[in-house]
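Working notes, structure below.
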Amino acid sequence: MTTYRSDLLRIFQERGFIHQVTDPEGLDALAARREVVGYIGFDCTADSLHIGSLVQIMMLRWLQKTGQRAIALMGGGTTRVGDPSGRDESRKLLTDEAIAANLGGIRRNFDPFLDFAGGSGGVRPAVMINNADWLDELRYIPFLRDIGRHFSVNRMLTMDSVRLRLERDQPLTFLEFNYMLLQSYDFVELSKRHGCNLQMGGSDQWGNIVMGVELGRRVAEASLFGMTTPLITTASGQKMGKTAAGAIWLSPHRLAPYDYFQFWRNTEDADVGRFLRLFTDMPLDEVARLEALRGAEVNEAKKILAFEATRMLHGEEAAGRAAETARQVFEQGVAGGELPAISRPRAELEAGIPLHRLVAEAGLAKSNSEARRLAEQGGVRLNDAPVSDPNRLVGLGDVGADGAIKLSAGRKRHALVRPA
């Protein structure tokens, strides 16, 4: 294992962020002098990021905490093209208005993690930049002459983002084929405008990052570096951030703090230590202590992971409420105010809504048929009482003293239904 002398790369290594680095020794020397200006790009495909992007956000956080400069690059321009990396089909093209709205939502995801003001303790302020600032102004023929001539189609066809799509006989549009040129050009522009010398990203971005490093050397004689993180999966092999209920979003309007807390609380035993290193700022000696817990004690480590991850994103108060709600639900069997809730018109509840439909609408099952099977197998409870009839009508008579109907799927998943 490489031994790094800079705080930045040592922390990245110890906490499990490093997968590939283009020039480890050169980057380490740069980091030791606190001269790293690093960026990660985030396309604006939704109005929130999910935890699949959280490892990259944490890298920017540590970049800033160790005295370097962190740049969050918003893909206002590249989103109009669509990144083909890791996909079997083209992304849906978004309107300029949708991209702008998504960018505004994503901007707020970074506020809990990065300091954009700076000034305290010598922290260099983080910067958020939109690549539409330069990509929207490009002229096609000059771009092809100045940038396109440095790219070999033969080599581009070997890149995973292209090769895998072609091997699976999935179409790759010429629009998408241009994505790696634009991403490489982003690196060059950031180098010229902001002195940026490091691009980071997930392992699926390695080819694009290397091309950006090479382009910078060819057109600007710039010394640039690239780094990728490993693919983050759970101990059971599931891709991080994907669950049966859908993506784990960072914005509270997409996912309630309680649900975010529960995602981390349900971490597999084998993942607790790794996730504490990656997704919290906790000291490594404390992480090692928690990672060594076994049996029932590991649940305490999971509670700490859930609290720390939720506190970092949603704040101390929200994390405390989520933890207390979880304690009430699982230790006392009562419904807390932080449980996810849906509302249904009072007239619908007066007529009665089939249990299976309500379970699906509350997000406790992916479909009506799955909700039916769950009830028939004894996995559904209504106000903590088992109900095996999926067609049982749920109505106003089931509303409790707290003004809600409590639905449960299994022991750990709950939701409230409130009359509107």
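The values are calculated or read from the model by the stated rules, or taken from the named source; none is laboratory data. On a predicted model such as this, the values are computed, not experimentally measured, just so you know. In this analysis, Cβ positions are derived from the backbone assuming ideal geometry, glycine residues included, and neighbour counts consider all displayed protein chains. Areas reflect the complete protein model, heavy atoms only, side chains present, ligands, DNA and RNA absent. Shrake-Rupley method; radii C 1.70, N 1.55, O 1.52, S 1.80 Å.
Ignoring ligands, DNA and RNA, what percent of the 1.4 Å accessible area of the chain is carbon and sulfur?
48 percent
Work out from phi, with θ = phi - 60° and the Karplus expression 6.51 cos²θ - 1.76 cosθ + 1.60, the ³J(HN,Hα) of each residue of segment 111-116, listed in order in whole Hz, and give x for Gly and Pro.
Result, rounded to whole Hz: 4, x, 9, 10, 9, 8.
Quick one: net charge around F307, please, counting Lys, Arg +1 and Asp, Glu -1 for every other residue with C-beta under 10 Å from its C-beta.
+2
Within segment 122-173, report the trypsin sites (Lys or Arg not before Pro) that DSSP leaves as loop and that have at most 10 other Cβ atoms within 10 Å.
R139, R168
Taking amide H positions as placed 1.01 Å from N in the peptide plane, with prolines and chain starts having none, which residues 5 or more places from L339, or on another chain, fall under 5 Å of its amide H?
none
Mind jotting down the distance between the C-alpha centroids of segment 377-420 and segment 37-56, whole Å?
Answer, in whole Å: 37.
Loop-only trypsin sites (Lys or Arg not before Pro) in segment 282-325, please: DSSP not H, G, I, E or B, and at most 14 other Cβ atoms within 10 Å.
Listed in order of number, the matching sites are R294.
Which loop-located trypsin sites (Lys or Arg not before Pro) does segment 1-101 contain, where loop means any DSSP state but H, G, I, E or B and the Cβ has at most 12 other Cβ atoms within 10 Å?
R5, R33, K92
Roughly how far apart, in whole Å, are the Cα centres of segment 254-304 and segment 149-209?
35 Å
Could you give the longest part of the chain that holds none of the GluC sites (Glu not before Pro) found in DSSP loops with at most 11 neighbouring Cβ atoms within 10 Å?
It works out to 222-420.
Solvent-accessible area per residue for the chain at a 1.4 Å probe radius, Å²?
Here the residues of the chain average 46 Å² of exposed surface.
Which option, [x] 73, 48, 39; [y] 89, 52, 40; [z] 70, 60, 50, is the value of Cα extents along the principal axes in Å that was calculated from these coordinates?
Identified label for the calculated read-out: [x].
What residue among T78, T267, T173 has the largest mean-square fluctuation in a Gaussian network model of the chain, using Cα springs under 10 Å?
T173
Filter the DSSP H helices in the chain by two things, a Kyte-Doolittle mean of at least 0.5 and an axial alpha-carbon span of 20 angstrom or more, and list the hits by number.
none
Please give the FRET efficiency for T233 paired with R107, using the beta carbon to beta carbon distance and R0 = 30 Å, rounded to the nearest 0.05.
After rounding, the FRET efficiency stands at 0.60.
Is it possible to state the helix-based mean residue ellipticity at 222 nm for the chain, with each DSSP H run of 4+ residues giving -39500 (n - 2.57), the sum divided by total residues, to the nearest 500 deg cm²/dmol? What is it?
So the calculated ellipticity at 222 nm is -12000 deg cm²/dmol.
If I take every Cα pair under 8 Å that is 6 or more residues apart in segment 218-286, average their sequence separation and divide by the length, what percent do I get for the relative contact order?
21 percent
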